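What follows is a short report on a single structure.
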Amino acid sequence: MDKIGAGIPGLDELLGGGIPKRHNVLVCGGPGTGKTTFCMQFLYGGAKAGEKGIFISLEEEPESIVNNIRATYQWPGFDEQMRNKDLVVTGVEKFNFEHFMDVIQDLVSDQGYSRVVIDSSTLLKIYFDNPLEFRKNVFNLAGFLKKFDCTSIFTAEFPHMERKGTSFDLEHFVSDGIIFLYNLEKGNLRVRACEIVKMRACEHASKVVPLKMTKQGMVVFPTEQVFSESSMH
Ligand SMILES: Nc1ncnc2c1ncn2[C@@H]1O[C@H](COP(=O)(O)OP(=O)(O)OP(=O)(O)O)[C@@H](O)[C@H]1O
Ligand SMILES: [Mg+2]
């Protein structure tokens, strides 16, 4: 199976090579855990490798996302990618799922975009009256993206920093992969971490590993421990 680079140093090692092409991956986490950064970095890395990407924001203004990235990270060539439309950040104006699908269809079928991000899929729920309709349409959307050879990431917001106690939502069963981002607490320590909860067709590591936010973006440390033995007592 073909795999593509996640664009995040250390993560491909954890994934056993990268994200399988055409997978739909859910990136979940609490507020400020790095979901938007993860997705933008996935697109930035893709654009560097010649794969065009779109970021569809249902939450923040597209302009504010781009400005925050520019203010926070030093990503050489990012501005040029934006100018060349190798990386496009867009919003969806109408709260209408058909319109939303039209926007996506135009970009992936006619304009050759192959990495697609939806931030956040939690907000897609407001298009639908009931969970069944939501699930059906998210399933169709994921299938549609696959058909057009797109690898996609949907983000999902969690109210807590830790996975403990969070129940799995319908969309988690639809996706091919789930990656959790954490901001773990131990006494007065706060440690950013991530975990691959599932990734179909991959022999991925099953452990929680530390990650850091740096000027270059998110970096994952696949061989390090989140808490050292001494800090666990
Ligand atoms: N170099 C850095 N050092 C420390 N913290 C950083 C650094 N770069 C980014 N951060 C922090 O990392 C976090 C990542 O934010 P990001 O917007 O990606 O998360 P998010 O999960 O999408 O948040 P939200 O819940 O608001 O959507 C921010 O809180 C930011 O301040
Ligand atoms: Mg965000």
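The values are calculated or read from the model by the stated rules, or taken from the named source; none is laboratory data. In this text the structure is predicted, and so the values were computed from the model without any measurement. No Cβ is skipped: glycine too gets one built from the backbone with ideal geometry, and neighbour counts run over all protein chains shown.
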Problem set entry | Considering residues of segment 112-128 that are on the phi < 0 side of the Ramachandran plot and of a type in the set (Gly, Ala, Ser) only, the residue surrounded by the most Cβ atoms within 10 Å (Cβ to Cβ) | Ser121
Exercise. From the set of residues in segment 176-206 that are over 28 Å from Val138 (Cβ atoms) and of a type in the set (A, V, I, L, M), which is modelled with the lowest pLDDT?
Worked result: Leu189
For this session: Name the one entry in Gly50, Gly45 that is modelled with pLDDT of 95 or more, small (Gly, Ala, Ser) and on the phi > 0 side of the Ramachandran plot.
Result: Gly50
Exercise. Out of the residues in segment 20-47 that are farther than 15 Å from Gly217 by Cα and of a type in the set (D, E, K, R), which is surrounded by the most Cβ atoms within 10 Å (Cβ to Cβ)?
Worked result: Arg22
Exercise. Across segment 86-111, what is the total count of residues that are surrounded by 13 or more Cβ atoms within 10 Å (Cβ to Cβ), at pLDDT 90 or above and part of a loop (DSSP other than H, G, I, E, B)?
Worked result: 1
Exercise. Pick from segment 148-161 the residues that are surrounded by fewer than 16 Cβ atoms within 10 Å (Cβ to Cβ) and at pLDDT below 95: which of them is nearest to Leu184 (Cα to Cα)?
Worked result: His160
